[in-house]
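Take a look at the structure below.
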Amino acid sequence: MRWLYLVILTGFTIFAQEATVISQPVNPNRVFSTPTVEVLNSLDMLVSGGSVVGLEEEQYFLGNIYAGFGNLMELEISTSNFVDALKKKSATLPASSFKMSFLPSSSAFGLSMLVKKTLWNERTLGTYKYYTRFSDVFLILGYKKEFFSINIGLNIHDMRIKTYSYTSGVTSDEMKKEEYGVFGNLLIRANEKTYAMLEVTPASRVSFPSDGSISPDDIEKVYAVTLGGRYFFTYFLSLDAGVLYRSDFRGPADAVINVILNLAVPLGKAIQK
């Protein structure tokens, strides 16, 4: 996965340098893990990749590919995660998402919706195998000016878990829990190449019992706050870095560092040339 991602990233970098012209910084349509109200321009792409480093157990790679269509909608292939309470880390799952904007990009206000779905994640505990997947719906309201933008919204989180018993060979019915939360993010332009960023978002924390008897009570909502910034090396290449802290952490030593590299690939502009 990592080597493939690096090959794609290198190829897109060469393409972006030689075949396109970008006249202003391309801001990714998210702040760390939460979406902003914007969608990508038609036929433009954004490739993001990075890592999360915290406790010894909390180290994993994240990758995202976004593509815009018609200045109205956006598709994404990515990784998403939930908090595994027993392993004390986040479990990553492949995900895809669809985002649609309801107001023109020229407006100071924006309104959009994003739907994200993951594949099944497998996790073995004793004589049981747990299968986990979830879907998220984000309703996003945004406001932007030249030097800042703010986005707030509602997150509807639907988690499904089922178990398989190695002893009996029986797979249980899906257990479902739906949670509602409020998220928000803020970008402030510090200078020509740098933005300060802040986000607050809910997350699901799952406690997997060893006897396979998973219930809605084993899933609890926690909140995560990430503070950091975005630096533009060029108009099309930027770096996000920040520190994440969750409400279930025991102290500052549990804080997690996020580092993400973003590459904009404006295929729409290249095709028009």
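The values are calculated or read from the model by the stated rules, or taken from the named source; none is laboratory data. Please read all numbers here as calculations on a predicted model, not as lab measurements. Note that we place each Cβ from the backbone using ideal geometry, even for glycine, and neighbour counts take in every protein chain shown.
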| request: Report, ordered by the first and then the second residue, all pairs with beta carbons closer than 7 Å, sequence separation of six or more or different chains, a first member in the stretch 168-187 that is under 17 Å from S215 (Cα atoms) and buried (at least 17 other Cβ atoms within 10 Å of the Cβ), and a second member that is modelled with pLDDT of 85 or more and of a type in the set (A, V, I, L, M). | output: M175/I161; M175/I214; K177/M159; K177/I219
| query | Does G110 satisfy the criteria of being surrounded by 15 or more Cβ atoms within 10 Å (Cβ to Cβ), among the small types (G, A, S) and in contact with a Phe, Trp or Tyr (Cβ under 8 Å, 6 or more places away or on another chain)? | reply | yes
| message | Among the listed residues A203, A253, identify the single one that is under 25 Å from G50 (Cα atoms), among the aliphatic types (A, V, I, L, M), assigned to a helix (DSSP H, G or I) and at pLDDT below 90. | response | A253
| Y235, sole failed condition from (1) within 19 Å of R189 (Cα to Cα); (2) modelled with pLDDT of 90 or more; (3) of a type in the set (F, W, Y) | (2)
| query | Which of the residues that make up the stretch 140-153 are surrounded by 14 or more Cβ atoms within 10 Å (Cβ to Cβ) and not small (G, A, S)? | reply | I140, L141, Y143, K144, I150, N151, I152
| said: Can you find, within the stretch 232-260, the residue that is surrounded by the fewest Cβ atoms within 10 Å (Cβ to Cβ) among those that are under 20 Å from the mean Cα position of the chain (by Cα) and of a type in the set (G, A, S)? | reply: S247
| request: With respect to D136, determine if the residue is in a loop (DSSP other than H, G, I, E, B), of a type outside the set (K, R) and either modelled with pLDDT under 90 or in contact with a Lys or Arg (Cβ under 7 Å, 6 or more places away or on another chain) (or both). | output: no
| note | Apart from one, (1) at pLDDT 85 or above; (2) under 30 Å from G212 (Cα atoms); (3) buried (at least 16 other Cβ atoms within 10 Å of the Cβ) all hold for S96; the odd one out is (3)
| field | Whichever residue in the stretch 113-137 is surrounded by 15 or more Cβ atoms within 10 Å (Cβ to Cβ) and in contact (Cβ under 8 Å) with a residue 60 or more places away in the chain and, among such residues, is nearest to the chain's Cα centre (by Cα) | value | L114
| request: Residues being farther than 21 Å from E146 by Cα, assigned to a strand (DSSP E or B) and among the hydrophobic types (A, V, I, L, M, F, W, C): count how many of those fall in the stretch 97-129. | output: 6
| Here are A270, A241: which of them is modelled with pLDDT of 90 or more and not in a loop (DSSP other than H, G, I, E, B)? | A241
| said: I need the full set of residues from the stretch 114-137 which are among the hydrophobic types (A, V, I, L, M, F, W, C), over 19 Å from K176 (Cα atoms) and in contact with a strand residue (DSSP E or B) (Cβ under 7 Å, 6 or more places away or on another chain), in order please. | reply: L114
